[in-house]
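A.B. asks: So that we are looking at the same thing, I have put the structure below in structure tokens.
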Amino acid sequence: MSKPLVIVESPAKAKTIAKFLGRNWTVEASIGHVRDLPSSAAEIPAAIKKEPWGRMGVDVSKDFEPHYIVPGEKKKRIAELRAKLKDATELYLATDEDREGEAISWHLLELLKPKVPVKRMVFHEITQKAIDAALANTREIDAALVDAQESRRILDRLYGYEVSPVMWKKIGPGTSAGRVQSVATRLIVERERERMAFRSASWWDADVELERGGARFPASIVVVDGKTLAQGRDFGSDGKLLAGRSVLVLDEQGATQLAQGLRGVEARVRKVEEKEYKSEPKAPFTTSTLQQEAGRKLGMTAKRAMSAAQSLYQNGYITYMRTDSVALSDQAIAAARSHVEREYGREYLPGSPRLFRGKSKNAQEAHEAIRPAGEVFRTPREVEGEVGGDEARLYELIWKRTVASQMVDARMKSVAATFDATAKGGQRVELVARGRTVLFDGFLRAYVEGQDIAESVDRDDDEAVLPALKQGDAAQVAKADAAGHQTKPPARYTEAGLVQQLEELGIGRPSTYASIIGTIQDREYVEKRGAALVPRPLAFAIVQLMEALAPTLVDYSFTAEMEEELDQISRGELGRQKFLSDFYRGNQPGLHKIVTEHIGSIDPKRVCTIPLGEKDGDPVDLRVGRYGPYLEWRGKRATLPDGIALDEITVDRAVAIIETAKAADEPLGFDPSGVPVYLKTGRFGPYVQLGDEPKPVEEAADAGAKPKKKGKGKAKKSDGPKPKRASLLKSMSPKTLTLEQALQLLRLPRELGDDVDGHPIVAALGRFGPYLMKTIPGAEKPDYRNLKTEDQLFSVTLDEARAIYAQPKRGRGRAAAAPPLRELGVDPASGSPVVVKDGKYGLYLTDGTTNVTLPKGMGAEDVALDLAARMLAEKRASGPAKKKPGRRKAGSRS
């Protein structure tokens, strides 16, 4: 029986829609894009292979005509869709209603060439009502949207294929340029440059607590003898006081004397200032704000958040997740208001609906904000059993934000009490105590927005609740301790912070941010350290080349203007050919002219050099070589060890690494058989080596580090085995290492003898510290026991080892507990304090009973109490972990 055929992008979306359409419809998935520009030489059609533009797949001489191909993995799918279409009465193209979705529908139309009626149906959520409305309101394919997508694809192809070869030639293979990718890299590099130029300033004050009527509360010293006390904001990035700042800068001695003089004295209230204010709820989520909040509150990367959001959308739980709109439909507003009144009461419901408007003019403004799907919002508790963990947490975030957007303002009261006191030394001191009270929680009952805790900001907004105070009241200085402070460099970007900055600058589109952040990490331009994005030396070389080639190409305003022009194309206000021609052949100049005229003037050595400063009149540089970054001074070179960020490489540290590497050419001494022992520095720090490197058969052409990955250069081949090596212990220093210590390290693992059961025992060093190992034939794995100190590796005797093995094996977690890394507060469910600890397998949360491992990339400072409480509650609800049958723990201790 012939049926209408509906084509969507993904199988998950097809499965959900099929439930609503029933048996009389056929729903199939294209599985993403079906045509694209050729991505390799093998895919270039024979007809254009010899053309000068054939490599790009874009005829730049003929109105930038693209030559599309069907990738090999999609040919079978297209054949299957053609077969389905033969039996169809109608074709409904139901791909997403944005540029990419519209382009997929157009490409399907071009490839399938249907002889039956074709209709374009669009919807913002996958519900019965939305699907019925879409079928009743079909339209033609939007040519302007298709033009915008095609222009963006060609623009990115021109940019990448013109600029990337310059990078290969000047920096090395494996590098690439991208219209948004390169600008995002520049943002991260610029922040690191600020950190490298930053000079810290120090100042002192005192931690003060006042007491009145049994209540203690913190206060800050603001004025001493009529002069304002210095704070961090009074200093510049050069470590000096800002011009025009007349402030008192205390040193440790002065702060200690002041604190001692304040202890026990009376402080009297001069004035009390109270101010009531309101806080409004934030708008519902856009793609960008969802990625930011998922990062801050849930510890999700942008990629992980978008993956969870796409799953929720395709399975009918939320509206479309790629949107710039903050607007809600009438039905969504009604659903949110109904829940607010039912759940929280009429006092939490504003008299009229809140309406939000965004700034975006592009086509994606036609969508709604991201919200729960349907006319009645399903609660997070109703959804959590039907979806995965990430999806459940993200749905709860979306649900709370949507509901809170239709609640009344929160009302607060801030109090600032100014006290006068006279220190025992005679100084006149002005102190200020600040407090804040929530008069009515309003929307905060449902949702509190997250924020990046910048390392460069001293947070003081966790204000105390003050006792009732009025002018003339007295309090005692119960505590006064000198406290030192240092200014901090600008904080590195987190993923959430970078997404926010890109959106504020108008660079790229939020739907692409996840892939951009993933690309710059995959290409090793940037690495994550905790939640921070840290640029590698290669990123500096990439940005320096782009700045030398044409600063415009990584200019923030220029990139944002291109994005706006793409939006104009999507609205039919700008022609595709003019846009591409201006970019490629324009007079500013165009991309092609920039590359052809400037490539010869770019000095590879200069763009691959990062000046660090001077030592004894000679420059100290960090260079990016074919095999990795290395340091250079006075013609001497040394590989840059892994794990060192550029803002941590001082001139003195660089020279010390170079000198250590030079000293490695001379042996520390010789072992008893006459083999030389060397102290060397490698990617992972200092180590000792027994014997010389085997003679290379083929010398590498660069003096940098060894190859890190395939494709990064030709590796050296040797004619013999590698010499034995051993890392230094934590307690050892390269400066004081002796030959005897080096030989001890090289003798590890140390054989102690046989246990009483006849099995051999050795002392060894592994990832988690020093340990004993007893090998038992036939056992699943050796019997390991921890040693308390590194010194025991060399001192533990056979009798002592036997005594350790004679004791029952201690289970995991019975050792003395390490102090927590951070205390978060009291868990509202268990009433126990929640802390972050560092365990054998990484950071984890615990309330003393329940433990939850923190997601990879989340640091101790990235988790707040509300998130911690939710994670602990989810862990308790899931019950104890069940062991899978038939699975054994694999691996060995190393």
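A.B. asks: Can you compute the FRET efficiency between Ala79 and Asp156 using 1/(1 + (r/R0)^6), with r the Cβ-Cβ distance and R0 = 25 Å? Round to the nearest 0.05. Write out the running numbers ahead of the final one.
C.D. replies: Working: r = 29 Å, r/R0 = 1.16.
E(calc), rounded to 0.05, equals 0.30.
A.B. asks: Here's something else I'd like to know. In terms of solvent-accessible area of protein heavy atoms at a 1.4 angstrom probe, what is the ranking of Tyr584, Tyr687, highest value first? All intermediate terms of the calculation are to be shown ahead of the outcome.
C.D. replies: Numbers: Tyr584 10, Tyr687 40 Å².
Highest to lowest solvent-accessible surface, that is Tyr687, Tyr584.
A.B. asks: Could you list the residues of the range 782-799 with an amide nitrogen less than 15 Å from a label point located 7 Å from the Cα of Arg750 in the Cα-to-C-beta direction?
C.D. replies: Residues 787-799 qualify, since their backbone N sits under 15 Å from the label point.
A.B. asks: For the range 141-256, calculate the relative contact order in percent as a whole number, restricting contacts to Cα pairs under 8 Å that are 6 or more residues apart.
C.D. replies: 19 percent
A.B. asks: With +1 assigned to the C-beta of every Lys and Arg and -1 to the C-beta of every Asp and Glu, and no other charges, what is the dipole magnitude of the range 265-409 about the Cα centre in debye, to the nearest 20?
C.D. replies: Numbers: 24 positive and 21 negative charges, 106 e Å.
Using only the charged Cβ atoms, the result is roughly 520 debye.
A.B. asks: Counting only helical runs of four or more DSSP H residues, what would the 222 nm mean residue ellipticity of the chain come to if each run contributes -39,500 (n - 2.57) and the total is spread over all its residues?
C.D. replies: Details: 24 runs with 287 residues, N = 894.
It lands at -10000 deg cm²/dmol.
A.B. asks: Note down the Stokes-Einstein diffusion coefficient of the range 35-93 in µm²/s, whole number, using a Kirkwood radius over alpha carbon pairs, 10 °C, and 1.306 mPa s.
C.D. replies: Numbers: Rh = 13.3 Å.
It diffuses with D of about 120 µm²/s by this estimate.
A.B. asks: Rounded to the nearest 20 Debye, what is the dipole magnitude of the range 62-181 about its Cα centre when Lys and Arg each give +1 and Asp and Glu each give -1 at the C-beta?
C.D. replies: Here the range 62-181 has a charge dipole of around 560 debye.
A.B. asks: Here's something else I'd like to know. Residue separation times 0.36 nm, minus the C-alpha to C-alpha distance between Glu547 and Gln257: what's the value? Walk me through the numbers before you get to the answer.
C.D. replies: Working: separation 290, 0.36 × 290 = 104.40 nm, distance 5.25 nm.
Length gained between Glu547 and Gln257: 99.1 nm.
A.B. asks: Can you give me the % of accessible surface on the chain that is carbon or sulfur? Probe 1.4 Å, all protein chains present, nothing else counted. Spell out each step's value before the answer.
C.D. replies: Working: 21840 of 44970 Å².
Looking at the chain in its full context, I get 49 percent from C and S.
A.B. asks: Keeping all protein chains in place and using 1.4 angstrom, which order do His33, His367 fall into by accessible surface area, from largest down? Could the numbers behind the result be given before it?
C.D. replies: On the way: His33 70, His367 5 Å².
Putting His33, His367 in descending order of accessible area: His33, His367.
A.B. asks: Divide, for the chain, the radius of gyration over alpha carbons by 2.2 N^0.38 Å, where N is the residue count.
C.D. replies: Working: Rg = 32.7 Å, N = 894, 2.2 N^0.38 = 29.1 Å.
So the chain has a normalised radius of gyration of 1.12.
A.B. asks: Provide the FRET efficiency to the nearest 0.05 for the Lys113-Ser307 pair, computing r from the beta carbons and using R0 = 35 Å. All intermediate terms of the calculation are to be shown ahead of the outcome.
C.D. replies: On the way: r = 34 Å, r/R0 = 0.97.
Calculated value: 0.55.
A.B. asks: Using a 10 Å cut-off on Cβ atoms, rank the peptides 623-632, 164-173 from the highest mean neighbour count down. Numbers along the way, then the final one.
C.D. replies: Values: 623-632: 22.5, 164-173: 17.1.
Put in order of decreasing packing, that is 623-632, 164-173.
A.B. asks: Moving on to the next point. Using alpha carbon centroids, what distance separates the range 1-76 and the range 733-812, in Å?
C.D. replies: Value for the Cα centre distance between the two parts: 60 Å.
A.B. asks: Taking a cut-off of 14 Å between Cα atoms, list the aspartates and glutamates near Lys50, but don't count ones fewer than 8 places away on the same chain.
C.D. replies: Asp59
A.B. asks: May I ask which residue of Ile804, Asn851, Leu580 lies farthest towards the positive end of the charge dipole of the chain, with charges of +1 (Lys, Arg) and -1 (Asp, Glu) on Cβ and the Cα centre as origin?
C.D. replies: Ile804
A.B. asks: Relative to the present Cα-Cα distance, how much length would full extension add between Lys19 and Ala197 at 0.36 nm per residue of separation?
C.D. replies: On the way: separation 178, 0.36 × 178 = 64.08 nm, distance 5.99 nm.
The span from Lys19 to Ala197 would gain 58.1 nm if fully extended.
A.B. asks: Can you tell me which of 223-235, 507-519 comes out highest on packing, and rank the rest after it, using the mean Cβ neighbours within 10 Å?
C.D. replies: Details: 223-235: 15.5, 507-519: 21.5.
Result, highest mean first: 507-519, 223-235.
A.B. asks: Under the definition of Cα pairs under 8 Å and six or more residues apart, what whole-number percent is the relative contact order of the chain? All intermediate terms of the calculation are to be shown ahead of the outcome.
C.D. replies: On the way: 1613 pairs, mean separation 97.6, N = 894.
Normalised by residue count, the contact order of the chain is 11 percent.
A.B. asks: Moving on to the next point. What FRET efficiency, computed as 1/(1 + (r/R0)^6) with R0 = 25 Å and r the Cβ-Cβ distance, is obtained for Ala764 and Thr736, rounded to the nearest 0.05? Display every interim value, and only then the final one.
C.D. replies: Details: r = 24 Å, r/R0 = 0.96.
Using R0 = 25 Å, I get an efficiency of 0.55.
A.B. asks: Nearest 5 percent is fine: what portion of the DSSP beta bridges confined to the chain is antiparallel?
C.D. replies: Working: 117 of 130 bridges.
The antiparallel fraction comes to roughly 90 percent.
A.B. asks: Turning to a different aspect of this structure: Can you list the equivalent-ellipsoid semi-axes of the range 237-377, largest first and in whole Å, using the square root of 5 times each Cα gyration tensor eigenvalue?
C.D. replies: Numbers: eigenvalues 458, 116, 54 Å².
With the √(5λ) rule applied to the range 237-377, the semi-axes are 48, 24, 16 Å.
A.B. asks: Please work out the average accessible area per residue across the chain, using the 1.4 Å probe convention, and give it in Å².
C.D. replies: Heavy-atom accessible area per residue stands at 50 Å².
A.B. asks: Along the charge dipole of the range 103-220, pointing to its positive end and built from +1/-1 on Cβ of Lys, Arg, Asp and Glu, which listed residue (Pro218, Pro173, Ala184) has its Cα farthest out?
C.D. replies: Towards the positive end, the residue furthest out is Pro173.
A.B. asks: Please get the size of the charge dipole for the chain, origin at its Cα centre, with Cβ charges of +1 on Lys and Arg and -1 on Asp and Glu, quoted in debye to the nearest 20.
C.D. replies: Numbers: 140 positive and 127 negative charges, 540 e Å.
Rounded to the nearest 20 debye, it is 2600 debye.
A.B. asks: From Cα coordinates alone, what are the radius of gyration and Dmax values for the range 465-561 in angstrom?
C.D. replies: Here Rg and the maximum Cα pair distance are 22.6, 68 Å.
A.B. asks: Sorted by average packing, counted as other Cβ atoms within 10 angstrom per residue and highest first, what order do 332-343, 91-102 take? If you can, show how the numbers build up before the last one.
C.D. replies: Details: 332-343: 18.1, 91-102: 24.1.
Per-residue Cβ counts within 10 Å, averaged per peptide and sorted highest first, yield 91-102, 332-343.
A.B. asks: Then there is this: As an exercise, identify the chymotrypsin sites (Phe, Trp or Tyr not before Pro) in the range 718-803 lying in DSSP coil whose Cβ has no more than 13 other Cβ atoms within 10 Å. Each step should come with its number before you reach the end.
C.D. replies: Working: sites: Phe768, Tyr771, Tyr784, Phe794; in loops: Phe768.
Passing sites in the range 718-803 are Phe768.
A.B. asks: Under the rule a/c < 1.5 gives rounded, and otherwise a/b versus b/c splits prolate from oblate, where does the range 1-140 land using the Cα gyration tensor?
C.D. replies: Numbers: a/c = 2.47, a/b = 2.07, b/c = 1.19.
Prolate.
A.B. asks: If I stretch the segment between Thr379 and Lys605 completely, what's the gain in nm (0.36 nm per residue apart, minus their alpha carbon distance), one decimal? Let's see the in-between values first.
C.D. replies: On the way: separation 226, 0.36 × 226 = 81.36 nm, distance 5.95 nm.
Answer, rounded to one decimal: 75.4 nm.
A.B. asks: Over the range 11-81, calculate the relative contact order: mean separation of alpha carbon pairs under 8 Å at least 6 apart, over the residue count, as a percent.
C.D. replies: On the way: 66 pairs, mean separation 21.5, N = 71.
For the range 11-81, the relative contact order is 30 percent.
The values are calculated or read from the model by the stated rules, or taken from the named source; none is laboratory data. Not measured: the values here are computed from a predicted model. No Cβ is skipped: glycine too gets one built from the backbone with ideal geometry, and neighbour counts run over all protein chains shown. All accessible areas refer to the heavy atoms of the entire protein, side chains included, with ligands and DNA or RNA removed. Shrake-Rupley method; radii C 1.70, N 1.55, O 1.52, S 1.80 Å.
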